[in-house]
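One structure below.
The values are calculated or read from the model by the stated rules, or taken from the named source; none is laboratory data. Since the model is a prediction, treat every value here as computed from it, not as a measurement. Here the Cβ is made from the backbone with ideal geometry for all residues, glycine too, and neighbour counts use every protein chain on show. Just the protein is used for accessible areas: all its heavy atoms, side chains included, with ligands, DNA and RNA removed. Shrake-Rupley method; radii C 1.70, N 1.55, O 1.52, S 1.80 Å.
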Amino acid sequence: MNTPHVVVVMGVAGTGKTTIGPLLAARLGVPYAEGDDFHPRANIAKMSAGTPLTDEDRWPWLDAIGDWAQGRAGLGGVVSCSALKRSYRDRLRSAAPGVVFLHLTGDRALIEDRMSHRKGHFMPTALLDSQFATLQPLERDETGVAVDVTGSPEEITARAVAALAELPEPAA
């Protein structure tokens, strides 16, 4: 890729967005931003208490991520963001029209197992069902790729790099 994409690493909790995002950014030679860092404190408190966020909770968070992504247009970057619904991805695209999505996908049992071994993360496994219920996979008209999360982080990242390389160059 000559002109780096701005990649949103998306998927339900526990798919490895925070693990794969920095590895992908390093492979692409671009900065990484942790999507969770864009959440207002009230959102983190809700999720920590096991309360799913509403769309109204998510809009300021998505807008902040979209602003970051737009600031990286033409330069490239990787940011993690669950982006579970089409409307959330549309909101990100409205702020940063050139973003592409890397959807980390996987078997629910594998993801739950990985979540149960995480330390220091605010998202409880109890919210995984609501995440899967909310998930709307990428549609044909959305620029992005889906990559399975089976295997090591390095293997997943290699598959992601290969899949992203097949996408058209971003508009200059």
Which of (1) crowded, with 19+ Cβ neighbours inside 10 Å; (2) modelled with pLDDT under 95 does Leu164 not meet, given it meets every other one?
(2)
Among residues of segment 1-26, those that are assigned to a helix (DSSP H, G or I) and of a type in the set (Ser, Thr, Tyr), counted:
2
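Quick grid of which residues meet (1) in contact with an Asp or Glu (Cβ under 9 Å, 6 or more places away or on another chain); (2) assigned to a helix (DSSP H, G or I); (3) farther than 17 Å from Gly35 by Cα:
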| site | (1), (2), (3) |
| --- | --- |
| Ile65 | no, yes, no |
| Ala69 | no, yes, no |
| Arg91 | yes, yes, no |
| Leu104 | yes, no, no |
| Arg114 | no, yes, yes |
| Phe132 | no, yes, yes |
| Arg140 | no, no, yes |
| Thr157 | no, yes, yes |
Would you confirm whether any residue within segment 27-45 is at positive phi, part of a loop (DSSP other than H, G, I, E, B) and open to solvent by 40 Å² or more (accessible area, probe 1.4 Å)?
yes
Would a scan of segment 44-58 turn up a residue that is over 29 Å from Asp129 (Cα atoms) and not hydrophobic (A, V, I, L, M, F, W, C)?
no
Flagged pairs (Cβ under 7 angstrom, 6 or more apart or on separate chains; first in segment 50-67, without any contact (Cβ under 8 Å) to a residue 60 or more places away in the chain and within 10 Å of Arg91 (Cβ to Cβ); second surrounded by 18 or more Cβ atoms within 10 Å (Cβ to Cβ) and of a type in the set (Val, Ile, Thr)) are Ile65/Val79
Here are the criteria: (1) open to solvent by less than 30 Å² (accessible area, probe 1.4 Å); (2) in contact (Cβ under 8 Å) with a residue 60 or more places away in the chain; (3) in contact with a Pro (Cβ under 9 Å, 6 or more places away or on another chain). Tell me which single one Arg72 does not satisfy.
(1)
Ser80 vs. criteria of a type in the set (S, T, N, Q), open to solvent by 70 Å² or more (accessible area, probe 1.4 Å) and modelled with pLDDT of 85 or more:
no
Only residues in segment 4-20 that are over 12 Å from Thr157 (Cβ atoms) and without any contact (Cβ under 8 Å) to a residue 40 or more places away in the chain count as the first member; pair them with residues that are assigned to a strand (DSSP E or B) and of a type in the set (Val, Ile, Thr), Cβ under 7 angstrom, at least 6 apart or cross-chain, and list the lot.
none
Which ones in segment 137-172 are more than 23 Å from Met115 (Cα to Cα) and among the charged types (D, E, K, R)?
Glu139, Arg140, Asp141, Glu142, Glu166, Glu169
